[in-house]
Structures are given as C-alpha cells and as structure tokens.
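Read through the structure below, which is laid out as structure tokens, and then see the notes.
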Amino acid sequence: MDGRLVRAAPADGDAALARIARQAVDHLTGPERASLKVCPEDDCRGVFADPADRRRWCPSPACASRGRVRALRARRTAEAGKADL
C-alpha cells in the first residue's frame with residue numbers, strides 16, 4: 001500500500017447512510033464547523049465547506065453565475081447613481 005487510509009466499502013445501503021450521517025455529525029460539531037456556509041441564493045440554500053473563507057456561493061454553477069450577475073448589476077447601478085450626482 002502507499003500509506004493511505006483505506007476504508008472497507010459499506011456492507012449495504014443502511015451502513016452507507018450511517019457512515020454519511022456520522023461524518024455529517026462530526027463535521028457539524030467539530031472544529032471544521034466554522035468553515036460551513038449556507039448558499040445565499042433563495043432557491044438553493046445548500047450548505048458547503050469553505051475552509052479558505054473565499055466563496056460566496058455554493059459550488060453549483062447556477063448559483064455562482066446568478067450571484068455574480070446580480071453583484072455586477074448592483075455595482076453598475078451604484079456607479080450610475082454616483083455619476084448622476
């Protein structure tokens with residue numbers, strides 16, 4: 001082996017779900033919980049880990065694209081408002 005930790009595959013679907021649930025509990029209650037964020041898109045609300053604290057939207061391309069377009073439009077509107085002064 002190459003030194004990596006290898007886990008045996010779950011025996012069945014229930015064992016797989018139990019493993020996922022245990023990992024979720026560990027993540028939600030452990031030190032990594034500070035890196036969890038909720039996607040700000042109203043129709044998504046997905047939860048994702050952002051340990052570098054750089055993401056604003058979840059990894060879904062749809063959420064990120066809509067969020068970037070909305071932010072760009074807001075900046076352009078603000079710039080246009082400043083130009084009118």
Legend entry - 1.4 Å probe accessible area per residue over the chain, in Å²: 83 Å²
Inset, instruction - Any chance you could list P(r) for the range 31-79, counting all Cα-Cα pairs in 5 angstrom bins from zero, rounded to whole %? - result: 5, 22, 24, 20, 16, 9, 4, 1, 0
Inset, instruction - Filter the trypsin sites (Lys or Arg not before Pro) in the range 2-53 to those in DSSP coil with at most 13 other Cβ atoms within 10 Å of their Cβ, and list the result. - result: ARG4, ARG7, ARG45
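What FRET efficiency comes out for the pair THR29/ARG7, r = Cβ-Cβ distance, R0 = 30 Å, nearest 0.05?
0.90
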Inset, instruction - Compute the relative contact order of the chain as a whole-number percentage, counting only Cα pairs closer than 8 Å that sit 6 or more residues apart in sequence. - result: 15 percent
Inset, instruction - Compute the long axis of helix 13-29 from its Cα atoms, compare it with the longest principal axis of the Cα atoms of the chain, and write down the angle in degrees, 0 to 90, nearest 10. - result: 50 degrees
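Considering only the other residues whose Cβ falls under 12 Å of the Cβ of ALA16, what net charge follows from Lys and Arg at +1 and Asp and Glu at -1?
+1
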Inset, instruction - Mind pulling the angle between the C-alpha long axis of helix 61-83 and the longest principal axis of the chain? Nearest 10 degrees, somewhere in 0 to 90. - result: 20 degrees
Legend entry - Size of charge dipole - the chain - debye, nearest 20, with Cβ of Lys, Arg +1 and Asp, Glu -1, no other charges: 420 debye
Inset, instruction - Using only the C-alpha atoms of the chain, find the volume of their convex hull and express it per residue in Å³. - result: 173 Å³
Inset, instruction - Please report, as a whole percent, how much of the solvent-accessible surface of the chain comes from carbon and sulfur atoms (probe radius 1.4 Å). - result: 56 percent
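The values are calculated or read from the model by the stated rules, or taken from the named source; none is laboratory data. In this text the structure is predicted, and so the values were computed from the model without any measurement. Every residue, glycine among them, receives a Cβ derived from its backbone with ideal geometry; neighbour counts consider all protein chains shown. With ligands, DNA and RNA removed, areas are computed over all heavy atoms of the protein, side chains included. Shrake-Rupley method; radii C 1.70, N 1.55, O 1.52, S 1.80 Å.
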